[in-house]
1. Could you tell me the accessible area of Ser197 in Å² (1.4 Å probe, neighbours in place), rounded to the nearest ten?
2. Using the structure shown, select from Lys143/Lys196; Lys136/Lys209; Lys135/Lys516; Lys360/Lys411 the pairs with a Cα to Cα distance greater than 29 angstrom.
3. For Thr67, enumerate residues with amide H under 5 Å from its amide H, sequence gap 5+ or separate chain, H modeled in the peptide plane.
4. Please give the per residue accessible area of the stretch 62-141, computed with a probe of 1.4 Å over protein heavy atoms only, in Å².
5. With a 1.4 Å probe and all protein chains left in place, how much accessible area per residue does the stretch 157-241 have, in Å²?
6. From the C-alpha coordinates alone, can you work out the Kirkwood hydrodynamic radius of the stretch 44-156, in Å?
7. Within the stretch 348-479, what whole-number % of the accessible surface is contributed by carbon and sulfur, with the 1.4 Å probe and all protein chains included in the calculation?
8. Pairs of alpha-carbon atoms within less than 8 angstrom and 6+ residues apart define the contacts here; what relative contact order does the stretch 328-445 have, in percent?
Amino acid sequence: MLTAALAALIVAGVALFVTYRMEVWGGKTLPDASSIAQEVADVSGKKKSAVKAKDVTAALEKKGLATKTARVFSGKEAGAFLGYQGAQAGERVKAGQTVVIRESAGPGVPKNTLGQQAQKVTQTLAGMNVPVHYKKVYVADTKKNPEGSVVATSPEAGQAVAKDAKDAGIYVGVAAKADDNALPLDVMGKSVDEVKSQLESQGHNVTVKKHFSSQAYVGKVSGALPEPGSELSAGEDVVLYQGIDASQTKDAFTDPNTTGYSLDNMTDVPLAGSTSAADGRWCTNAGECITIDNQRLVEDGATSNGDDSSSFDNLLIACDSIQQPFCGSSKADYLVEQNYGAFELMPYDSMTSYWSDGTKYSLSAVSATPLPTSGEYRMQDLFLVVPTGSDLKGLESKGYFDKDALTAAAKKKTADTSRPFILRRDPSQYKTTTAPYAPGTANPFVPFDGYNGSASDVVKMKPAPSDENAYYLVESSEPDWQNLPDADVGADANASGSKASEKTDSSSKVDTSLFKQVANQYRFFSTGEGSQWVGLTVKDDGTFTGEVNEADASSSGPMATAPRVSYPFHGKFSSIKANEANGYDMECDASSFGWDGNEYQYTDSIGIMPCGTWHWYPANTPFPSMASGTVAQEGLSINFATEAAGASSSNVLLYDESAKASAFIPYIQQ
């Protein structure tokens, strides 16, 4: 009887253990990255690669766990899995518990950076895997902005590094006491009259211009040229920008040189069609940016025929007016003439052009030959500018936005209307981006002009505003980073409160101990027959020496027996960081690189110059896990980006000449 009871207990215990391991009870186990990567590889049939946060979300939801994603700036590519928030892989969590998955938002500046002592942010920013530059920014009030504190950043705090700015990286403005030769950063938000008077007393000629701004700067100094925080030369001219909001949108479009018109009742009087009050750089939280300069889109893609300021084609206009002072028709549906505060900007070209047989024609062009009578209109750029305090609800009621786009936006965080932002039309959200053209037909991709068709013919705006797709104005408080002096930023203060005296314009101190993993002798055969090779010796401290050894091409006879010529060189790596393939990424200090003796005539094949990015991988690293490109392995060319299998049999040092269109990444074998 006792034996039977013991046996039953044992069976029950085993059952409990097995069902616990099967996660029938006792919660669910959080999987680690490697197991998820293997699962994804098994399903896709591809080699394991870096785990995405979305893969982890899918794995947890498969287990029946609720998930939430927290996007965090990091040195890993956007979308990469960074770990769990408040939990570790292998840990069991209770049923019904929401697991927070940390997803990389790519490199960026954390929201809490401003106001901190610069020393305290160096380690965090060093992990962003982009260059970080610390610059002196002059301030007047050192009580509010203590010397050594972070007072400005590029990108702004809370924003990602723009895709086209990763080589430039992150700029950090460190407060320094201003003298009489500086325009302090903290003129921002000051009285325009007071700042103007002070600058004029110092011998500067000051001009005041209106510019859209965030709520904090409306009616006050919202920016300046030269940029606030910069040094001033004696007698230098200064432009002060006075912040305005949606209540002054129409004023921003009024031509101050216009005479003979009464502007007392702006509801009934059309306005000039272009304004410089929207000039500036506008960026999403994800780091996508557009720049408007001199009322033209000049960065991140052109609107039409280049950026020739003498051409109207790429001028961004809010209505059909350019040379004349006012918009064309009182029956038109241009937002700038209405009372929402928001207005459209579009290239003049988009209002006047159409295509026929692949050729673009302009209705406003003077031509001796008749224009084609059939063709198509094409959707071009359209920007909705939303100054601070604009009536977005009114625009929704008007039917300005597509209904599906409004539904999608309602599921996201709302846009911050205390800051001016731009909404850019997204052609990918439309089923069709062309419409038939014939004389007298209206272009449905621009606002109703009051002449042909009707306002109901105009396609609705997609997307609708959300915090995700809003291009917020980068306030003109951003200093002129390139011309600011470097700031001295050392390590964190020690126990006595003193600082290290290290001067830096980089992300952080280099952990030189990592170079011990890379230190070795390497060789790269740039030609299969061995007529040219590069030898490289990397030392423990990141310095390196080497030589280019090649056959003397001027000699006669076979290259294999030709005399050899050696060209020695030297240099050092300025940084080393772990990468996702269990190796290291290294940046070569271009200023340290040099040829010993005779100057070598650079050719693309030697795999050394320009001194840029290098990658080191340990033995048995699969080729697909390495940087994409072509690798010369023992004289044979292998495109491992498409290689289904295969791994290096020894340590690999790759030179990534990514600055060139025909990027060549040589394999340097020991």
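1. It works out to around 70 Å².
2. On the way: Lys143/Lys196 23 Å; Lys136/Lys209 27 Å; Lys135/Lys516 32 Å; Lys360/Lys411 40 Å.
The pairs that break the limit, which is 29 Å between Cα atoms, are Lys135/Lys516; Lys360/Lys411.
3. The answer is Val99.
4. Details: 3920 Å² over 80 residues.
I get 49 Å² per residue for this part.
5. Details: 3840 Å² over 85 residues.
I get 45 Å² per residue for the stretch 157-241.
6. Values: mean 1/r = 0.0603 Å⁻¹.
With all distinct Cα pairs of the stretch 44-156 included, I get 16.6 Å.
7. Numbers: 3280 of 6440 Å².
C and S fraction of accessible area: 51 percent.
8. Numbers: 142 pairs, mean separation 36.8, N = 118.
Worked out over the stretch 328-445, it gives 31 percent.
The values are calculated or read from the model by the stated rules, or taken from the named source; none is laboratory data. Just so it is clear, the structure is predicted and the values come from calculations on it, not from any experiment. Cβ: placed from backbone, ideal geometry, glycine included. Neighbour counts: every protein chain shown. Ligands, DNA and RNA are excluded from the accessible area calculation, which covers all protein heavy atoms including side chains. Shrake-Rupley method; radii C 1.70, N 1.55, O 1.52, S 1.80 Å.
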